[in-house]
Structures are given as C-alpha cells and as structure tokens.
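Step one of this worksheet: look at the structure below.
The values are calculated or read from the model by the stated rules, or taken from the named source; none is laboratory data. Since we're looking at a predicted model, the values are computed, not measured. Don't worry about glycine lacking a Cβ; one is built from the backbone with ideal geometry, like all the others, and counts go over all protein chains shown. Please note that ligands, DNA and RNA were not included when accessible areas were found on the heavy atoms of the full protein model with its side chains. Shrake-Rupley method; radii C 1.70, N 1.55, O 1.52, S 1.80 Å.
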Amino acid sequence: MVIQQPSNQIKLTNVSLVRLKKSKKRFEIACYKNKVLEWRSGIETDLDNVLQIPSVFLNVSKGQTAPMSELQKAFGKDATVDSIILEILRKGELQVGDKERSAQLERVHNEVVSIVASKLVDPRTKRVYTTGMIEKALDMLSSQAHSTAAQDKDAAAAAAKSASGTVTPTAAGEDGEAKPQPKPQREHTWTGVSATKNAKSQALEAMKALIAAQPIPVARARMRLRITCSTGVLKQAVKGPKAAEGEPKAPGTVKDKIIGYIEQVEHQDVVGNEWEVVGFVEPGAFKGLSDFVGSETRGQGRVEVLDMAVTHED
C-alpha cells in the first residue's frame, strides 16, 4: 500500500527558519542559511537566493503550508503571498540551529579577542599581548563574575530565608521614614561573549573590565596624533576655573593647554605661520583635545590621527 503525502505538505531540510506570530497564529518561511542576515543588511537583494521555496508555512518541519484563508485573516484581505513573505523577512524572528549558533558565537568571540589584543598593551613595555593571553585573562574575569553572581544569589536566598519577620537595614530620611540603603555600584565586569551583540561594543566592555580588574598588567595603547594650529592663536589666553590656594595654575594659553593633553611629545616645529606638534595621547583624552582645538582655535587648528593604537610587537 502506497502512503500518499498530503498535497499541502512539503518536506524541507537544512534550512534557517524565520517565524512571525500574528493573530495568535505562527507563520514560518524557509530560507537558506546565512542569507536572511545578508538580505536584512542589504548585501543580498534577490529573494530567490534567500528563500528555499516562496511559500508561507504553519510548520516548516512538518511541511505544512499555510492556507490562503489563514494568511488573509492574519495579514489582511489585500495581502499577497509575496507581501506576507517580505513582512515575515523584515519583522520575523530568525531561528538558528545549535551548530550555526556555536559557529556564530566562535566567530564573535575570536573577533572580540582580536580587537582587545590590538588595543591593549603591557604598560611597562608597551608591547601587545598574544590573543591567547588575552583570552585567558578574559576567561579569568568571566569565571570570577559567574562565581560572584552565584555567591550573591546564594547569600540573597539565605538572607531571605532567615530574615522573615525581621527588618532589613535602612537609612532614615529627612522625614524620619526609613529608606532602603542604595546598592553599591559594581565595577566593570565581564561575563563572556554574546552572539547577539556587536563585537566592537563587546570588545570595549572587555577592555574596561580588564583595565579595572588587572588580571594581567594592561593599559590602553596610546594614540599618535598630529596637531596643527595657527601661530597667531597659540598665545591666546584660555579661560578656566580659578585654582584653589596651593594648587598649580591651569595652563594659561592655547599652546599650553594642547601640550597638557599630550602624554609624550615626539616633535614640534613651526613652518611659516603654522605650528605643528606630533605626540602620543591616551585614548580617553582624545575627545577633550579634539573639542578644545575645534572650539578655541575657531577653525585655525586641526587634529589628525596618525595611529589609532601605537604598540611594540616582538
């Protein structure tokens, strides 16, 4: 006896699913792996290269296509299959398999470690660390963060269990009423890489955590800048807050202020009516320096980045 497959069932394998719930119904489309993200980012524009089949399903794994009556009930009477597919592609949730998720996590992890390794140096030697050393340092921070979180959770559970009927410590306000004590703010922590977040933003968080915790001696690699300015502006006085008694006076001229931002001057020179200085600046000071030059020189000065991260490699 031959078992007939229902006409509305289509068997598909090795697919990426995009799901959208609408009107209490779940609709799915079957796409080629990696093509959905390319289509959403504008890299891929041909839907034939994105869709495995131009149909809308109620359940792709069972091969159950969605009846047109259900589609029009959920998306509107004027909706077409093509317009529904586009809406699911734009708004739907991309389902990723375990292997694909692991591969994506590994890619993001490697990218984060690579970025961090290129931006941090040993503050004594100014040399970069290998990606392996950075990876071990981040693993240490991640283990510490998870261990601390587990201890906090256990402590909170124990406190809640033993404190039934007791009053938690509070601080009295001006009106005499008890107010809860504010929780101390935690330093930057690192719990590991997430496949759903941008690698650059995660690398920045990882660098902050490494610099705060110092599992190995690290510092941000300095930037190498060229600052040029008209000589007529250099001697102009810079207004600033008055220094308290016993404190050194703040830099008084535009030139003094610019030199104050530079950690190490490589060279400076005057050519014609233009002054130029090349030096090394901490990344955190770059914005302040750039804003100062832009505002105080009134267009007669500029800051040029020669090297985003100066390092010494073996």
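For the stretch 72-90, does any single residue satisfy the condition of being modelled with pLDDT of 90 or more and within 30 Å of residue 204 (Cα to Cα)? Let's see the steps before the verdict.
Keep residues of the stretch 72-90 that are modelled with pLDDT of 90 or more, which gives 72-90.
Now drop any that are not within 30 Å of residue 204 (Cα to Cα), which leaves 90.
Yes, the stretch 72-90 contains at least one residue that is modelled with pLDDT of 90 or more and within 30 Å of residue 204 (Cα to Cα).
May I ask you to verify whether residue 25 is charged (D, E, K, R), in contact with a helix residue (DSSP H, G or I) (Cβ under 7 Å, 6 or more places away or on another chain) and farther than 30 Å from residue 198 by Cα? Before the answer, list the steps.
Working: charged (D, E, K, R): yes; in contact with a helix residue (DSSP H, G or I) (Cβ under 7 Å, 6 or more places away or on another chain): yes; farther than 30 Å from residue 198 by Cα: yes.
When the stated conditions are applied, residue 25 passes them.
Applying the condition of being open to solvent by less than 60 Å² (accessible area, probe 1.4 Å) and modelled with pLDDT of 65 or more to the stretch 159-178 and asking which residue is farthest from residue 191 (Cα to Cα) yields 163. Against the conditions (1) modelled with pLDDT under 90; (2) closer than 19 Å to residue 91 by Cβ, where does residue 9 fall short? Just the number, please. With respect to (1) modelled with pLDDT under 90; (2) closer than 19 Å to residue 91 by Cβ, residue 9 is out only on (2).
Assess whether residue 105 counts as being of a type outside the set (Gly, Ala, Ser), part of a helix (DSSP H, G or I), on the phi < 0 side of the Ramachandran plot and in contact with a Phe, Trp or Tyr (Cβ under 9 Å, 6 or more places away or on another chain). No; evaluated as a whole, the condition is false for this residue.
Out of the stretch 264-287, which residues are surrounded by 12 or more Cβ atoms within 10 Å (Cβ to Cβ), over 13 Å from residue 230 (Cα atoms) and of a type outside the set (S, T, N, Q)? Scanning the stretch 264-287 gives 266, 278, 279, 280, 281, 282, 283, 285, 286. For the stretch 299-313, a tally of residues being in a loop (DSSP other than H, G, I, E, B) and either at pLDDT 85 or above or open to solvent by less than 80 Å² (accessible area, probe 1.4 Å) (or both) returns 6.
Table: residues versus (1) crowded, with 16+ Cβ neighbours inside 10 Å; (2) in a helix (DSSP H, G or I); (3) at pLDDT below 95.
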residue	(1), (2), (3)
118	yes, yes, yes
124	no, no, yes
136	no, yes, no
143	no, yes, yes
146	no, yes, yes
150	no, yes, yes
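Collect the residues in the stretch 291-314 that are among the polar types (S, T, N, Q) and closer than 21 Å to residue 237 by Cβ, keeping them in residue-number order. Hits for the stretch 291-314 are 295, 297, 300.
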